[in-house]
Amino acid sequence: MSGMWASKGLRYAITGLCLVVVFSIVSPAVGGPNPVRIAKKALSKSKKALSKAQQANKTAKEASSAADGAAGEAALAQGQNVSGHDSVLSFGPIDDQGAKVAEVELTTATETRILASASTVVGNDADDATICWLNAGGAPNDSANDISQRVFSDAGNGVLDFQALSVNGSVVKPAGTHTISLYCGATLGDPVVDRIDLLAWASAP
């Protein structure tokens with residue numbers, strides 16, 4: 001008798017399990033949740049999350065690229081933003097060959113335009129002319145390296161007199177170290193060059 005009830009119990013259990021499986025399959029048809037729809041929704045959300053992550057990654061890369069560009073521009077500007085100054089109280093006599101009375105050395109990281117401005121006071125005590133000019137690395141008598149006009153002073157006229165001179169010039173130079181010099185020369189006598197001031201700086205070409 002007990003064996004029969006055990007056999008019936010097993011059959012009932014198997015039948016119940018089958019009913020659970022059948023209902024889980026047919027439940028979407030009677031209003032229950034559809035596993036396929038759930039999977040599709042999950043996939044759609046996953047795709048949206050992936051798209052947002054990719055967009056965020058793109059935005060981060062663009063921001064990084066912009067930051068790198070800004071850093072590069074800053075470095076370039078820093079490479080161009082150089083200047084130098086030379087000041088001399090009194091140089092003494094000069095001759096007709098020309099003497100370097102002031103000098104500035106600049107080192108640039110890129111091609112730049114170098115600008116220079118100089119001022120001085122020339123004392124003449126004879127009938128001669130004093131000439132001052134800016135040069136970018138050549139010999140005094142090599143006018144190919146002049147970066148300014150040659151400015152004349154004839155203040156002496158037989159007696160001691162002084163005249164202020166101002167000289168300005170510019171030149172485009174490649175990256176490197178460049179020497180900007182102020183030269184002064186005299187045709188006759190021994191003029192004196194006093195209170196010399198030379199400023200040179202680099203700017204974008």
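The values are calculated or read from the model by the stated rules, or taken from the named source; none is laboratory data. All figures in this text were calculated on a predicted structure; none of them were measured in a lab. Accessible surface is based on the protein model in full, side chains and every heavy atom, while ligands, DNA and RNA are left aside. Shrake-Rupley method; radii C 1.70, N 1.55, O 1.52, S 1.80 Å.
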- Go through the stretch 88-97 residue by residue and turn each phi into a ³J(HN,Hα) via Karplus (6.51, -1.76, 1.60, θ = phi - 60°); whole Hz please, and just put x for glycine and proline. 10, 6, 8, 8, x, x, 10, 10, 6, 7
- Output the Kirkwood hydrodynamic radius of the stretch 85-149, Cα pairs only, in Å rounded to one decimal. 13.8 Å
- Query: Can you work out ³J(HN,Hα) from phi for every residue in the stretch 98-114, in order, using Karplus 6.51 cos²θ - 1.76 cosθ + 1.60 and θ = phi - 60°, giving whole Hz and x for Gly and Pro?
  - Reply: x, 10, 7, 9, 7, 8, 10, 10, 10, 10, 10, 8, 9, 4, 9, 8, 9
- Ignoring ligands, DNA and RNA, what accessible area per residue does the stretch 80-180 give at 1.4 Å, in Å²? 49 Å²
